[in-house]
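To start, the structure itself, in structure tokens.
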Amino acid sequence: MTRPMSGPTVELESDKCVASGQCVVAAMQVFDQDDDGIAILLDERPAPALLDDVREAVAVCPAAAIRLVER
Amino acid sequence: MADTLTGPVPEVPDAIPEFPMPRAARCPLDPPPALRDLQERAPLTKVRLRDGSEPWLVTRYADQRALLGDPRVSADTDSPGYPSKAGPEGGEGKLSFIMMDDPEHARLRRMVTAPFAVKRVEALRPAVQRIVDDLIDGLLAGPAPVDLVEEFALPVPSLVICELLGVPYDDHAFFQDNTRTMVHRDATPEQRGRAAREVAGYLSALIGRRIADPREDLLSGIAARVTAGEIDHGQATEMALLLLIAGHETTANMIALGTLALLRHPDQLALLRESDDPGLVTSAVEELLRYLHITHLGRRRAVTEDIEIGGRLLRAGEGVIMVNEVANRDPEVFPDPDRLDLTRDARRHVAFGFGVHQCLGQPLARMELQVVYGTLYRRIPTLSLACSPDDVRFKHDAFIYGVHSLPVAW
């Protein structure tokens with residue numbers, strides 16, 4: 001997959017994360033979980049085709065720990 | 001009109017509605033009509049509870065999510081203004097971290113998040129599939145009709161919790177018997193209490209064994225925290241009991257109610273049974289979580305600092321109740337909300353709550369329901385209700401909504 005040089009950036013505040021794993025379900029190519037279930041950002045500038053999944057992850061995160069910064 | 005002749009009608013304040021509200025007799029799977037009415041007319045309004053207190057009732061999806069995600073509300077049942085759930089079943093116990101606030105809530109919750117990570121839950125899927133298949137084998141080998149609640153819906157999550165916690169196989173029957181009594185409709189409060197103490201004693205002893213001889217299971221993880229001095233043995237037992245209670249009757253009721261809802265919507269049941277699309281089972285689970293409701297008493301919080309929301313001022317020391325079933329039927333978010341449509345994208349429902357207290361076990365609950373809904377109706381395609389729909393009794397007065405029994409045949 002080619003990585004865009006510019007475009008929206010994903011921000012994850014892992015200290016807010018409550019380990020619901022919903023971001024992983026919504027966008028498995030962009031998020032994963034560590035051994036305690038806390039979210040990990042795999043790709044801070046995902047390909048355009050993944051952005052709808054990321055927006056879903058933002059919407060379903062119960063802790064409001066994810067943002068998609070459109071620039 | 002009389003008032004045009006005699007002057008304006010004297011201002012009589014609307015009576016404060018009582019909560020909980022009754023469901024329409026013919027629509028036990030829909031939210032009470034009065035809740036829908038408030039959502040449209042007065043989305044943030046005071047209600048009166050059985051104990052006479054008057055918390056706010058929040059009915060719109062956006063307001064519920066905002067408040068459940070707000071650090072100025074407390075989940076501690078001892079906070080001033082916390083709306084009591086006490087009713088015919090008595091008060092609610094204070095169980096581990098779900099009734100605490102951060103930072104202590106976060107500290108304790110993080111001790112048990114690991115087993116609910118998506119990949120860890122996925123690794124349990126074959127075991128859950130085996131549990132479900134074995135129970136269906138048992139149903140098919142026996143006489144019909146049977147009570148689906150007793151013979152399938154309750155055993156599935158009980159056995160899954162055994163698997164998750166690491167309860168040895170030889171103890172499954174003991175665990176099953178006592179967890180069944182804990183939630184059984186005909187059990188007296190004394191019998192329920194005794195069964196709960198039996199299970200707590202059993203879990204406490206098993207944690208003791210895992211402290212001495214750790215394995216790769218959830219109880220060993222909790223036991224390691226005791227060894228490290230982060231929690232004491234009593235807190236560890238309470239945590240294990242919380243995971244059991246939170247995952248047992250809830251999942252069981254979703255299995256029974258989901259089956260009932262599908263039997264009432266044969267087109268949707270046929271779609272689920274016959275579709276080749278593996279994504280359909282996933283979306284069916286989300287839609288049934290949206291459409292149905294088991295936590296009918298709502299998520300409850302106490303306001304700890306004044307909050308302005310929806311043109312209202314919620315004051316510190318007041319209570320708030322967020323009833324997820326009506327948020328999940330909010331037409332602003334879910335078009336044509338009363339239609340059960342397994343193909344819709346329902347992922348944003350709040351059946352598991354929202355905010356830092358959102359159900360910890362939801363990845364496991366989703367996977368269990370995917371296995372159940374994806375298997376039961378395919379293996380028993382002629383499954384049908386073995387009583388008149390009017391004879392199904394609903395748990396209107398219970399903490400967790402559901403059906404007392406569901407007689408089925410095939």
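So the values come out like this:
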item	result
Subset of segment A:12-37 (residues that are in contact with a Phe, Trp or Tyr (Cβ under 8 Å, 6 or more places away or on another chain) and more than 8 Å from chain B (Cβ to nearest Cβ))	A:LEU12, A:CYS23
Matching residues, segment A:47-63, being more than 23 Å from B:ARG120 (Cα to Cα) and either under 9 Å from the mean Cα position of the chain (by Cα) or within 8 Å of chain B (Cβ to nearest Cβ) (or both)	A:ARG55, A:ALA59
Single unsatisfied condition, B:ALA316 versus (1) buried (at least 22 other Cβ atoms within 10 Å of the Cβ); (2) small (Gly, Ala, Ser); (3) assigned to a loop (DSSP other than H, G, I, E, B)	(1)
Residues satisfying the stated conditions in segment B:387-410, i.e. out of contact with any helix residue (DSSP H, G or I) (no Cβ under 7 Å at 6 or more places or on another chain) and within 20 Å of B:ALA270 (Cβ to Cβ)	B:PRO389, B:ALA409, B:TRP410
Which listed residue, of B:ARG109, B:ARG50, B:ARG65, B:ARG41, is among the basic types (Lys, Arg) and modelled with pLDDT of 95 or more	B:ARG65
Qualifying residue in segment A:17-29 (condition: within 18 Å of B:PHE116 (Cα to Cα), polar (S, T, N, Q) and crowded, with 22+ Cβ neighbours inside 10 Å)	yes
Residue within segment B:157-176 that is within 14 Å of chain A (Cβ to nearest Cβ), more than 30 Å from B:ALA386 (Cα to Cα) and among the small types (Gly, Ala, Ser) present	no
So B:ARG185, is it of a type in the set (D, E, K, R) and assigned to a helix (DSSP H, G or I)	no
Given (1) in a loop (DSSP other than H, G, I, E, B); (2) surrounded by fewer than 22 Cβ atoms within 10 Å (Cβ to Cβ); (3) within 14 Å of the chain's Cα centre (by Cα), index of the condition B:GLU286 fails	(1)
Out of B:ARG192, B:ARG185, sole residue that is touching a His at 6+ places or on another chain (Cβ under 7 Å) and surrounded by fewer than 17 Cβ atoms within 10 Å (Cβ to Cβ)	B:ARG185
Top-ranked residue of segment B:296-335 - restricted to ones that are under 25 Å from the mean Cα position of the chain (by Cα) and of a type in the set (Gly, Ala, Ser), ranked as farthest from B:GLN358 (Cα to Cα)	B:GLY319
Looking only at segment B:352-410, and only at residues there that are under 23 Å from B:SER84 (Cβ atoms) and within 14 Å of another protein chain (Cβ to nearest Cβ), the one that is surrounded by the most Cβ atoms within 10 Å (Cβ to Cβ)	B:PHE354
Checklist (1) assigned to a helix (DSSP H, G or I); (2) within 23 Å of the chain's Cα centre (by Cα) applied to B:ASP338, failing item	(1)
Looking only at segment A:30-45, and only at residues there that are more than 18 Å from B:GLY355 (Cβ to Cβ) and over 9 Å from the mean Cα position of the chain (by Cα), the one that is surrounded by the most Cβ atoms within 10 Å (Cβ to Cβ)	A:GLN33
Residue within segment B:252-265 that is basic (Lys, Arg) and buried (at least 22 other Cβ atoms within 10 Å of the Cβ) present	no
Residue ranges of helices (runs of 4 or more DSSP H) in segment B:14-129 with at least 1 members surrounded by fewer than 17 Cβ atoms within 10 Å (Cβ to Cβ) and within 14 Å of chain A (Cβ to nearest Cβ)	B:61-68, B:104-109, B:118-123
Residue match in segment B:353-376 (condition: touching a residue at least 60 places away in the same chain (Cβ under 8 Å), farther than 14 Å from B:LEU292 by Cα and touching a strand residue (DSSP E or B) at 6+ places or on another chain (Cβ under 6 Å))	no
Top-ranked residue of segment B:130-142 - restricted to ones that are assigned to a helix (DSSP H, G or I) and without any contact (Cβ under 8 Å) to a residue 12 or more places away in the chain, ranked as surrounded by the fewest Cβ atoms within 10 Å (Cβ to Cβ)	B:ALA141
Some residue of segment B:362-374 being of a type outside the set (S, T, N, Q), under 23 Å from the mean Cα position of the chain (by Cα) and not in a helix (DSSP H, G or I)	no
In segment B:319-335, the residues that are among the β-branched types (Val, Ile, Thr) and assigned to a loop (DSSP other than H, G, I, E, B)	B:VAL323, B:VAL333
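A quick yes/no check of all residues on (1) closer than 26 Å to B:ASP397 by Cα; (2) free of Cβ contacts under 8 Å to residues at least 40 places away in the same chain; (3) in a helix (DSSP H, G or I):
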residue	(1), (2), (3)
B:GLN176	yes, yes, yes
B:THR181	yes, yes, yes
B:VAL199	yes, no, yes
B:LEU203	no, no, yes
B:SER220	no, no, yes
B:ILE231	no, no, no
B:LEU241	yes, no, yes
B:ALA246	yes, no, yes
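Matching residues to (1) within 14 Å of chain A (Cβ to nearest Cβ); (2) farther than 15 Å from B:GLN64 by Cα:
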{"residue": "B:LEU269", "(1), (2)": "no, yes"}
{"residue": "B:SER275", "(1), (2)": "no, yes"}
{"residue": "B:GLY279", "(1), (2)": "yes, yes"}
{"residue": "B:ARG300", "(1), (2)": "no, no"}
{"residue": "B:ASP338", "(1), (2)": "no, yes"}
{"residue": "B:ALA346", "(1), (2)": "yes, yes"}
{"residue": "B:HIS349", "(1), (2)": "yes, no"}
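The values are calculated or read from the model by the stated rules, or taken from the named source; none is laboratory data. From a predicted model like this one, the values you see are computed outputs, not experimental measurements. As a convention, Cβ positions derive from the backbone with ideal geometry for all residues, glycine included, and neighbour counts pool all protein chains shown.
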